[in-house]
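Student: If you scroll down you'll find the structure; I have some questions about it.
The values are calculated or read from the model by the stated rules, or taken from the named source; none is laboratory data. Every value quoted in this text rests on a predicted model; they were computed, and no experiment measured them. Cβ placement follows ideal geometry from the backbone for every residue including glycine, while neighbour counts extend to all protein chains displayed. To get the accessible areas, we keep the full protein, side chains included, count just its heavy atoms, and leave off ligands, DNA and RNA. Shrake-Rupley method; radii C 1.70, N 1.55, O 1.52, S 1.80 Å.
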Amino acid sequence: MIHRLPVPTPFAVGRVNVWLVEDDPLTLVDAGPNSGTSFDELQRGIAGLGHSLEDIELVIVTHQHIDHQGLVALVASHSGAEVAALDLAIPFLANFAEEAQADDDFARDIMLRNGIPEDVVAALQSVSRAFRAWGSKVEVTRPLRDGEAFELRDRTLYVHHRPGHSPTDTVFHDRERRLLIAGDHLLGHISSNPLITRPRDGTSGRPQALVQYLASLAQTREMDVDVVLAGHGDPIEDHRKLIDSRLELHTRRADKIHRLLVEQPRSAYEIAQALWGNIAVTQAYLTLSEVLGHVDLLLNDGRVQEVEREGVAVFQAL
């Protein structure tokens, strides 16, 4: 009684999966980005299953990214639905515009520190500001805590915080049905990119997003599930095999970056250019997060060190 409603997004990842859970309360998991096209298609999908938007009684938010939370407030205002989200996500969702600006300011400092030219940074900041229109402020009326059992009439969803892809990634485990609603924590067709995001604990350092993500994957690997309902793409039927392949992928990429640093010291931006060429410019923050995540693995293993060159972080092999 869980149905996939693939809703269009303006992003390269393509459609986002909104999940309709036919239970009491009638529940949506995520809602899609804040656009008229997405809203219309979401309503058509709900109607195709014999319901209306006004019937929705609960919306669950898996994480803070705009392709998942953008329409939540609109759905709630039309239906009167409760909104449930991890308690750690509430400050971001409640103060979306201010939090998004603070994230952009943090990202700007990270990009400049790691060698991305100022003109590229300025262009990316402009794009990011435009993208904010796809998100929205969200009032959470049902805070969720890591580890709690969230009761619907016919099922219990166990709430688990799985940070990495974002600081607020949350998965929902139906133990009886051996099913996991995972948002973007685990995707079948692409690897979830652990984006470097401003720390939420008041510290000023750069979080090790990939290290955090790999720890979260290890926890999910131990869960007894038969199917994972992902935030994009098809359901996943062998999560352990997929997670093992992702762990191997990250090991290989770290080794490849190490070989580049054996050749010569490089900034994270120079590493990204060596790996991906022009993509390192057009998707600079995405590729920078990818590189820094793997550099963190190398730093933690004592295989590289960070030095400073004219205000830019440079990494060199040991």
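Student: Rounded to two decimals, what ratio of Rg to Rh does the chain give with C-alpha atoms and a Kirkwood Rh?
Tutor: My calculation puts Rg/Rh at 0.98.
Student: If you filter the stretch 217-318 for GluC sites (Glu not before Pro), then keep DSSP loop positions with at most 11 other Cβ within 10 Å, what is left?
Tutor: Listed in order of number, the matching sites are Glu222, Glu310.
Student: Next question. Can you give the helix-only mean residue ellipticity at 222 nm for the chain, where every DSSP H stretch with n ≥ 4 adds -39500 (n - 2.57) and the sum goes over all residues, rounded to the nearest 500 deg cm²/dmol?
Tutor: For the chain, the value works out to -12500 deg cm²/dmol.
Student: At 7 Å along the Cα-to-beta-carbon direction for both Leu318 and Ser245, put a label point, then send me their distance in nm to one decimal.
Tutor: My value for the distance between the label points is 3.4 nm.
Student: Okay, next question. Please determine, in degrees from 0 to 90 and to the nearest 10, the orientation of helix 284-300 with respect to the longest principal axis defined by the Cα atoms of the chain, where the helix direction is its Cα long axis.
Tutor: That helix lies at roughly 70 degrees to the long axis.
Student: Ok, one more. For the stretch 162-318, just list the percent of Cα-Cα distances falling in each 5 Å bin from zero outward, please.
Tutor: Histogramming the stretch 162-318 at 5 Å steps yields 2, 9, 17, 20, 19, 14, 10, 6, 3, 1, 0, 0 percent.
Student: Is the stretch 124-254 rounded, prolate or oblate when judged by the Cα gyration tensor, a ≥ b ≥ c being the square roots of its eigenvalues, rounded requiring a/c under 1.5 and prolate requiring a/b larger than b/c?
Tutor: oblate
Student: Can you pull the percent of the chain's accessible area that's carbon plus sulfur, 1.4 Å probe, other chains left in place?
Tutor: Carbon and sulfur atoms account for 49 percent of the accessible area of the chain.
Student: Could you work out how far the C-alpha centroid of the stretch 225-257 sits from that of the stretch 144-168, in angstrom?
Tutor: Distance between centres, Cα-based: 20 Å.
Student: Just how large is the dipole of the chain about the Cα centre, in debye to the nearest 20, putting +1 at every Lys and Arg Cβ and -1 at every Asp and Glu Cβ?
Tutor: Rounded to the nearest 20 debye, it is 760 debye.
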